[in-house]
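Asker: Have a look at this one before I ask anything.
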Amino acid sequence: LRLRRQGLLNYTEKLSALLSLIRRLADDILSLTFVLCCEDNMLTHNWRYAHALTISSVCSGWRQLAISNPALWLNLTIDSQDDDEHTESALALYLTRSKTYPLSLSLIAIPNINNV
């Protein structure tokens with residue numbers, strides 16, 4: 001009975017996330033919030049600040065909303081030291097998802113002092 005009770009408590013806890021206030025926000029308000037969060041998307045070696053990618057990875061609802069909103073994918077900063085295939089594929093993804101909107105691209109170019 002204890003195991004059954006614990007299982008039910010765990011299940012109830014998982015379902016409580018469905019009642020969270022963020023799920024009650026209208027899509028247009030949530031989308032505007034996402035746009036404000038994505039004023040700067042920085043692709044660096046750890047992708048910690050690639051906000052549009054993070055938002056689109058939270059859940060299927062947020063993913064659908066993020067992919068359908070080109071404004072999330074417009075601002076992008078790339079660190080030139082992170083020249084790898086992941087950065088290249090992320091750049092292609094941003095270009096695709098921003099659709100025909102003008103893209104704001106910044107490049108951080110820090111010279112390698114060891115090669116000077």
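Asker: Which order do the peptides 5-15, 60-70 take when ranked by the mean count of other beta-carbon atoms within 10 Å per residue, highest first? Before the final figure, lay out each step's value.
Answerer: Numbers: 5-15: 9.5, 60-70: 15.5.
So the peptides 5-15, 60-70, ranked by packing, come out 60-70, 5-15.
Asker: A further question follows. Return the FRET efficiency for the residue pair LEU9, GLU39: r is the Cβ-Cβ distance, R0 is 41 Å, and the value is rounded to the nearest 0.05.
Answerer: 0.50
Asker: Something else: Roughly how many debye, to the nearest 20, is the charge dipole of the chain about its Cα centre, given +1 on each Lys and Arg Cβ, -1 on each Asp and Glu Cβ, and no other charges?
Answerer: About 1040 debye.
Asker: Please work out the average accessible area per residue across the chain, using the 1.4 Å probe convention, and give it in Å².
Answerer: The answer is 74 Å² per residue.
Asker: Moving on to the next point. Helix 2-16 versus the longest principal axis of the chain: what angle, 0 to 90°, nearest 10, using Cα atoms?
Answerer: Taking Cα atoms only, the helix is inclined about 50 degrees.
Asker: Considering only protein heavy atoms and a probe of 1.4 Å, how much of the accessible area of the chain is carbon and sulfur, as a whole percent?
Answerer: Ligands and nucleic acids excluded, carbon and sulfur give 58 percent.
Asker: Quick one: which residues, 5+ away or cross-chain, put their amide H under 5 Å from the amide H of ASP79? H built at 1.01 Å from N.
Answerer: LEU43, ILE108
Asker: The list [x] 140; [y] 105; [z] 148 gives values of volume of the Cα convex hull per residue in Å³, and only one came from this structure; which label was calculated from it?
Answerer: After the calculation, the listed value that fits is [z].
The values are calculated or read from the model by the stated rules, or taken from the named source; none is laboratory data. For clarity, every value in this text was computed on a predicted model and none was experimentally measured. FYI the Cβ positions are ideal-geometry reconstructions off the backbone, even for glycines, and counts take in every protein chain you see. Surface areas here come from the heavy atoms of the whole protein model, side chains and all, with no ligands, DNA or RNA. Shrake-Rupley method; radii C 1.70, N 1.55, O 1.52, S 1.80 Å.
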